[in-house]
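The values are calculated or read from the model by the stated rules, or taken from the named source; none is laboratory data. Being a predicted model, the structure only gives us computed values, none of them experimental. No Cβ is skipped: glycine too gets one built from the backbone with ideal geometry, and neighbour counts run over all protein chains shown. These area figures cover heavy atoms from the full protein model, side chains too; ligands, DNA and RNA do not enter into them. Shrake-Rupley method; radii C 1.70, N 1.55, O 1.52, S 1.80 Å.
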Amino acid sequence: EFGGKKIRCVLTPGHTLGTMSFFFDVADNGKTYLAGLFGGAGTAALKLPSILHHKLPLDMAEKMLASLEKVENEPVIVHLGNHPYNSHTLEKRERQLKEGGNPFVDAASWPEFLEDIRQKSLKIIEENAELARQHQIDM
């Protein structure tokens, strides 16, 4: 609990081993929605050269997939990105200023975002396996 707001913290390793995701209620026009922030959406950190450089476990991309599964059933309506591009924050705010309403209340944003990260992670797993074969690294 922080300032009267309950924030549920979930360990979601992938980008790093200690990545956390956060879930909490937000209100808009008398309605309450679940807000969610997936803490580590950066998939470049899953690539084998980065993993080796930072001395991380070789299965970081698999850890990312497990983390995505851990949070995919969260009923998030307000998706917050850890960077503005992750949830189209700037575009939504611009739309809000022009059209009114609240484009941040968007049930489709969370599952679309998670699926995008899942597809990127699966591609990286394939790329990592090929690199490992080429360099005789036992994954």
> Pulled fully out, how much extra length does the chain show between Asn102 and Lys47, if you take 0.36 nm times their separation in residues and subtract their Cα-Cα distance?
Replying inline: 16.2 nm
> Using the alpha-carbon centroid of each, what span in Å lies between segment 88-136 and segment 18-35?
Replying inline: 19
>> Here are labelled values, (1) 1.08; (2) 1.20; (3) 1.49, and one is the computed Cα Rg over 2.2 N^0.38 Å for what I pasted. Which one?
In response: (2)
> lysines near Lys70 by alpha-carbon distance under 22 Å, same-chain residues fewer than 8 away left out - which ones?
Replying inline: Lys6, Lys47, Lys120, Lys123
> Where the Cα atoms of segment 38-84 are projected onto their three principal axes, how long is each span, largest first, in whole Å?
Replying inline: 37, 23, 11
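With a cap of 10 neighbouring Cβ atoms within 10 Å, and only residues DSSP puts in a loop, list the trypsin sites (Lys or Arg not before Pro) found in segment 22-72.
Lys55
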>> Applying a 10 Å radius around every beta-carbon, put 91-100, 74-83 in order of their mean neighbour count, most first.
In response: 74-83, 91-100
>> Report, to one decimal in Å, the Kirkwood hydrodynamic radius for segment 2-44 based on all distinct Cα pairs.
In response: 11.6
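Counting helices only, and only those DSSP H runs with n ≥ 4, report the 222 nm mean residue ellipticity of the chain as the sum of -39,500 (n - 2.57) divided by its residues, in deg cm²/dmol to the nearest 500.
That comes out to -12500 deg cm²/dmol.
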> So which lysines pass the test for Lys98, namely a Cα distance under 26 Å, with those fewer than 8 places away in the same chain ruled out?
Replying inline: Lys31
> Could you give the length gained on full extension between Ala66 and Glu112, defined as 0.36 nm per residue of separation minus the Cα-Cα distance, in nm?
Replying inline: 14.9 nm
> Measuring with a 1.4 Å probe in the full set of protein chains, what accessible area per residue, in whole Å², belongs to the chain?
Replying inline: 61
> What shape does segment 80-139 take by its C-alpha gyration tensor, where a ≥ b ≥ c are the square roots of the eigenvalues and a/c under 1.5 counts as rounded, a/b above b/c as prolate, and the rest as oblate?
Replying inline: prolate
>> I'd like the carbon and sulfur percentage of the solvent accessible area for segment 73-139, probe radius 1.4 Å, heavy atoms only, ligands and nucleic acids excluded.
In response: 53
